[in-house]
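Structure first, then comments.
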Amino acid sequence: MAAAALTMAVVATVLVAACRGEFTVVVPDSSAAAALVNAPQTGFSDRARTDPAEQRAVQEVMAATGNAWASGIADVCRGRWHGIECVPDRGEVYHVVSLSFGALSDDTAFPACDAARAALSPAVLALPHLRSLFFYRCFTANPQPVPAFLGRLGPAFRSLVLRENGHVGAIPPDIGNLTSLRVLDLHGNHLTSTIPATVKSLAHLQLLDLSYNQLAGEVPHLKFQHLSILDLSHNALQGRVPASLGQCRSLLKIDLSQNRLAGTIPDELGDLPDLILLDLSHNALSGPIPAALGRLSSLRSLILGDNRMQFTTVPGDFFAGLKALTTLVLSGMGLEGSVPESIGELGHLRVLRLDSNEFTGVIPASFRLLERASELRVDGNRLVGPIPFGKEMMWRLGKKLRVVGNEGLCYDAKQQGLEGVVALAGVADCDSVRSRTTQHLGGLRNTGGWPAAAANVTASVAPCRHCFGVGSWHVFVGVLVSLQLAWL
């Protein structure tokens, strides 16, 4: 960014769960300049000079990070280096509004830090117009707590980003004094203890990211009207998912994955009209999956995997209102019953993981419609019958299609072009399954086991025809395979 920017930029980091790729979002905040100048202004003046006290403070902050070279710059705001932003006031005096440090990328040349000696200087308190601090991987070889004095930053302060700096200890309760804060990002440190109760005072927060730390205790009961991003993943948080999150109506992303949360998923999460990502995976949550989640019409990623919800079924029409879904992960949840037909109606779906459950019946024929899918997993269930995908779909998915671990699944060997399809390795063709099963049933007649087997057939066909709504061929194969397994 230019050294003398007209507008202040709030730097917020957003994690995209589907690909786990990090990127930086720069949100213009026009109120920053307006507080100092009468718009319109160019943001840079030949006559303006940096406030002397702020000049000294910046040089102290720079020296503390290992950038003593800044002491030789006559005017830090006119020096035009990346990482500092200034705006002029009406009296042609520049004020520092943002400082950023750390090699974020090759294209963002913020001043680097001397990781072995760098520290965050209290001289930042001498910058009364400061709105943003950004430190990235600055103190990794010199671990230190998040300074409590940051809670004394001025009322203009909006964004505190201390990412992957190796910070240790507890989050200081003094952070709660920053009542105008919009962004609090402490991702990827070694912070311990609990999330301080004073965080509830940050009523204007738009982004709260405390992920990838070692925080314990409960998730705070937040009711922030402006909160868009909540990421507390990869900690050791316990307790329940707070129902109060349903009152944070601006939420776009909730990531509470990789914690130790228990209890049920609150119905109130279904009241978030703009929610795009919900990740509650890798916890100890119990079922049922609330039907209220089916109201999240904007949802693109629903990730609930690795919560053992034994004896939980998913209603067939659960996904009818989730047309925007691109990622659905329900792996390792112990889910039972049939695979919902409505999943096949998710035309934007790219990633589908239903593996390592107890699903029974057939793969819905509607799955043929998932033309945008790039990954599809149903392995490790109890599915039966023919695999319904065409050869084009199977070749396109390649190794990303996984169906193994379902002893009753088979493929149509008469379909041309399936030779070499990786997903079919270890899967029998349907003709051989039918042949083996017919032979086995003949043996049952000779041994007197046929009446009991026939009774099982009668009991199985009717509910399968009702539950799965598939043709007689699917039912026939499913029953035959079930009998074969039962009598082996």
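The values are calculated or read from the model by the stated rules, or taken from the named source; none is laboratory data. As the structure is a computational prediction, the values presented were derived from the model and not from experiment. Here the Cβ positions follow ideal geometry from the backbone for every residue, glycine too, while neighbour counts run over all protein chains shown. Protein only, heavy atoms only, side chains kept; ligands, DNA and RNA dropped before computing areas. Shrake-Rupley method; radii C 1.70, N 1.55, O 1.52, S 1.80 Å.
When the residues of the stretch 38-88 are filtered to those that are modelled with pLDDT under 90 and on the phi > 0 side of the Ramachandran plot, the one that is surrounded by the most Cβ atoms within 10 Å (Cβ to Cβ) is GLY43. Within the stretch 187-210, the residues that satisfy the criterion of being within 15 Å of TYR136 (Cα to Cα), open to solvent by less than 60 Å² (accessible area, probe 1.4 Å) and in contact with a strand residue (DSSP E or B) (Cβ under 6 Å, 6 or more places away or on another chain) are HIS187, GLY188, ASP209. Tell me yes or no: at least one residue of the stretch 129-144 is assigned to a loop (DSSP other than H, G, I, E, B), on the phi > 0 side of the Ramachandran plot and open to solvent by less than 20 Å² (accessible area, probe 1.4 Å). No - not one qualifying residue is present in the stretch 129-144. The residues on offer are SER286, SER257, SER281, and the sole one that is free of Cβ contacts under 8 Å to residues at least 40 places away in the same chain and polar (S, T, N, Q) is SER286. Restricting ALA112, ALA57, ALA70, ALA123 to residues that are part of a loop (DSSP other than H, G, I, E, B) and aliphatic (A, V, I, L, M) narrows the list to ALA112. Taken over the stretch 92-114, the criterion of being surrounded by fewer than 21 Cβ atoms within 10 Å (Cβ to Cβ), of a type in the set (Gly, Ala, Ser) and modelled with pLDDT of 90 or more is satisfied by ALA112 alone.
Every listed requirement among (1) buried (at least 18 other Cβ atoms within 10 Å of the Cβ); (2) within 25 Å of the chain's Cα centre (by Cα); (3) small (Gly, Ala, Ser) is met by GLY347 save one, (1).
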